[in-house]
Amino acid sequence: MSTPPAAASYHHGNLREALIEAAIDVARERGPDGLALRDLARRVGVSHNAAYRHFADRDALVDEVAGRGLAALTAAMQARLAVAERVVDPVLRARSRLAAAGHGYVDFALAEPGLFKVLFTSYPTPPDGAVGADGATEQDPFVMLNACLDDLVSVGFLAAAARVHAEITCWSTVHGFAVLHVEGPMRTASPADREAALVVTLTAIDRGYAASTGAVVAPGELFAEA
C-alpha cells in the first residue's frame, strides 16, 4: 500500500505540517466535525501522543486550519480586487472594489465549503482599526472590506454618516448569501442562478450607498468594466 502524502511529510521530519495538511483534507471532506487529533494522528500514521506534542488540544489544531482558511479567503478576495483595480474611473473603481470584495468572499465559500465552515468556528481576531498603514489591507478580509468602504467615502459616493458600521451591513449580507448557498435552502441553485442572485445582491448594496449622497447609478454599470 502506498504511503499517504501526509505520512510522507512526517517521515521527512515535519509532523506538525503533516497533521495540518491532513486536517485541511479532512476539513474539506467533512468540515469542522471531522477534526479530531486522534483520528488525524492515525491518518498520518503516528500515535496520538506524538500529535499532542505539536498541538495542545483539538482547538489549537482547529485554529491552525482556520488560519489557513483565512489566507485562502484573503487570496480569493485579492484576485477579484485585482480585476476591479483596472477600472479607470475612480468612482466606478471604488464601487467595483466593494463588489469585488463581496464576490471573492462568495467565491471562497463555494470553492471551499469545508474550510469556510471551519473558519467561522474559529475565526482569527481581526486587526484593530479600519485600515493598516503598513499594507495590512492585503492581509485580512475585515481590513480589506473597511478599505473599500473608506474609498467610497473618499470619492464622494458614500456619505460619511452612512459609513458608520457599513462594514457590518456588507459582511452580514454577503456572509448570509454564502451560507444560504453553501448549506442552506439555496445550495441546489444552478451556478448561473447563483451568479445572477449575487449580482442583484451586490448591486443592491451599491445602490443603497449611492442614495446616501444622491449619486446617480446606471443599470449594470457596476459590473460593466470589472
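The values are calculated or read from the model by the stated rules, or taken from the named source; none is laboratory data. Note that the coordinates shown come from a computational prediction; the quantities given were computed from them, not determined experimentally. Cβ placement follows ideal geometry from the backbone for every residue including glycine, while neighbour counts extend to all protein chains displayed.
Couple of notes before you dig in:
Quick grid of which residues meet (1) surrounded by fewer than 12 Cβ atoms within 10 Å (Cβ to Cβ); (2) within 19 Å of the chain's Cα centre (by Cα); (3) of a type outside the set (G, A, S); (4) at pLDDT below 95:
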| position | (1), (2), (3), (4) |
| --- | --- |
| E167 | no, yes, yes, no |
| C170 | no, yes, yes, no |
| G176 | no, yes, no, no |
| R187 | no, yes, yes, yes |
| A192 | yes, no, no, no |
| I205 | no, yes, yes, no |
| T213 | no, no, yes, no |
| G220 | yes, no, no, yes |
| F223 | no, no, yes, yes |
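The rows are residues; the columns are (1) farther than 19 Å from A84 by Cα; (2) touching a Leu at 6+ places or on another chain (Cβ under 9 Å); (3) assigned to a helix (DSSP H, G or I).
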site: C148; (1), (2), (3): no, yes, yes
site: V153; (1), (2), (3): no, no, yes
site: L180; (1), (2), (3): yes, no, yes
site: M186; (1), (2), (3): yes, yes, no
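- Single residue of region 190-218 satisfying the filter (polar (S, T, N, Q) and touching a helix residue (DSSP H, G or I) at 6+ places or on another chain (Cβ under 7 Å)) that is nearest to S172 (Cα to Cα): T201
- Cβ-Cβ under 6 Å pairs, at least 6 apart or on other chains, region 33-58 side assigned by TED's automatic domain parsing to the domain that holds R16 and modelled with pLDDT of 70 or more, far side surrounded by fewer than 20 Cβ atoms within 10 Å (Cβ to Cβ) and among the small types (G, A, S): V44/A7; G45/A7
- Taken residue by residue, region 120-131 has no member that is surrounded by 22 or more Cβ atoms within 10 Å (Cβ to Cβ) and either modelled with pLDDT under 95 or in the same structural domain as I205 (by TED's automatic domain parsing) (or both).
- Per-region count, region 1-20, residues within 29 Å of A109 (Cβ to Cβ), at pLDDT 65 or above and surrounded by fewer than 19 Cβ atoms within 10 Å (Cβ to Cβ): 2
- Close pairs from region 61-87: first touching a residue at least 24 places away in the same chain (Cβ under 8 Å) and acidic (D, E), partner in a helix (DSSP H, G or I) and surrounded by 17 or more Cβ atoms within 10 Å (Cβ to Cβ), Cβ under 7 Å, at least 6 apart: E64/I20
- Selection within region 205-222 - part of a helix (DSSP H, G or I) and out of contact with any Ser or Thr (no Cβ under 8 Å at 6 or more places or on another chain): D206, R207, G208, Y209, A210, A211, E221
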